[in-house]
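Heads up: the structure comes next, in C-alpha cells.
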Amino acid sequence: MEAIMPRTFAEWILFVLLASSVSLFLIPRLPWFIGLMLLLVFALLAIVCYDEVSANPPSVATPTFLGGRCDEVIREGWVFLLPFIETLIVEQITPEEMDIEVKGVRCLLSKDGEKASGGAVTVNVSVVYVPDTTSPASFRKFQDRGRRPKINKILEDMVEEVVRQHGATLTWEELTLGQYTLSALLVEELVGVSDQQVTSENTAKTFLRSALENGVADIHDLGIKIRRLNVTNVEAEGDLKKNAERGAIEKQQRTAEMADVHTAIALAKEIVTEASGRGEKMTLAEALDRVSVLRGRSEETFVRSNNTLLDAAAILRRGAGVPTPSSESKD
C-alpha cells in the first residue's frame, strides 16, 4: 500500500499544522491550548482549500503553482489547493475512439501473375487510446502535444502515411484479405517496434493481441496508451471497384450454374433409376437430354402421375419458372 503523501503546497501546510497540533496534545508540559488553536487553523484552511478531481467522468489532474505545472498526477478524489496560487489542469481519462478513413490509397493490380500499379482503395482504421497517466512525465508529454484535439490530428497523419506507404507495395486483394497483417504493420510503424514473426494472418493476430495487452503499442512520444488499433475495412475505388463488382457477379453466376448442373445430374440419375425399375434401358446422357428439354422447351408436356420421372419433370418446370398444370397430356 502506497503511503499517503502531500501532493500540493496547501496539503504540505495542512500536514504540518495537523502534525504540530497532535504533538502539542501528546507531549506533556506543553501548552495544550496552542495545539487547539493550530487544530482550528487546520480546519479553517482545509475548508478554504478544499477541491476535488471528479470520478464521473473518470479524470486526473496536474496541479500548478503560480502558473507552473508540478510533476504530479492527482487521481480522482479530494485535493487541497491554496486559492489564487494553486490550480488544477483536469483531463478526462475516458477512451478516445477514432475512425480514420484514408481515401485514394494507391495499390497494385495483379494480372497474369504480374503486379503493376494502377488501383486505388479506401482503408478504414479504428483506433482507441487513453492518456498515459502512469507517470507525471508521460502525462506531461500528452499535455505538451496539445491533448486530444491535436493528438487526434497527429494520429490521423501518422496512420495515413503508413497506410499509403504499405498500400503501394500490396495488391488490393492482399489489402482486403490481410487486414490483420496491415494492422500489425501499423503498430510496428507507429510505435517503433518490430516483430520478425509477423508473416501471416495468424501471427499478425497474435502479435497485435500481445502488443495491445502488454503495452508495446503505447506511443510514448504522444503520452498515450493504445487500446485498439485495427483495419476495419478495405474498399476498392473507381474502375477497380467496378471490376471487383463485375468479378463478384460473375463468381455468383458461376456458382449458381454449378449448383444448377449438380441439380440436373441428380435429377437425371433419378430418371435413370426409375427407368431401370420399369425394365427400360436409359443412359445418363439420355436422361440429361430429357432434363435439358424440360428446361429449354416449356411447350413440352407430360402426364401427371405417381411416376418419379414425371414428378422430376414437374420439379424442373417449376424451377425454370414454367407454370405446372394440374393435368396435362402429351400428343
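The values are calculated or read from the model by the stated rules, or taken from the named source; none is laboratory data. Given the structure is predicted, the values throughout are model-derived calculations rather than measurements. For neighbour counting, all protein chains shown are included, and Cβ atoms are generated from backbone atoms with ideal geometry for every residue, glycine included.
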Practice problem: With the condition kept exactly as written, say whether any residue in the range 89-112 is of a type in the set (Asp, Glu) and surrounded by 15 or more Cβ atoms within 10 Å (Cβ to Cβ). | Solution: yes
Quiz item: Do we find a residue being in a loop (DSSP other than H, G, I, E, B), closer than 20 Å to residue 98 by Cβ and among the charged types (D, E, K, R) anywhere in the range 132-152?
Solution: yes
Quiz item: Residues in the range 55-75 that are surrounded by 16 or more Cβ atoms within 10 Å (Cβ to Cβ), within 30 Å of residue 126 (Cβ to Cβ) and in contact with a Ser or Thr (Cβ under 6 Å, 6 or more places away or on another chain): how many?
Solution: 2
Practice problem: Evaluate the range 98-120: report whether one residue or more is among the basic types (Lys, Arg) and outside the structural domain of residue 161 (by TED's automatic domain parsing). | Solution: no
Quiz item: Among 47, 13, which is in the same structural domain as residue 67 (by TED's automatic domain parsing), under 53 Å from the mean Cα position of the chain (by Cα), closer than 25 Å to residue 68 by Cα and surrounded by fewer than 13 Cβ atoms within 10 Å (Cβ to Cβ)?
Solution: 47
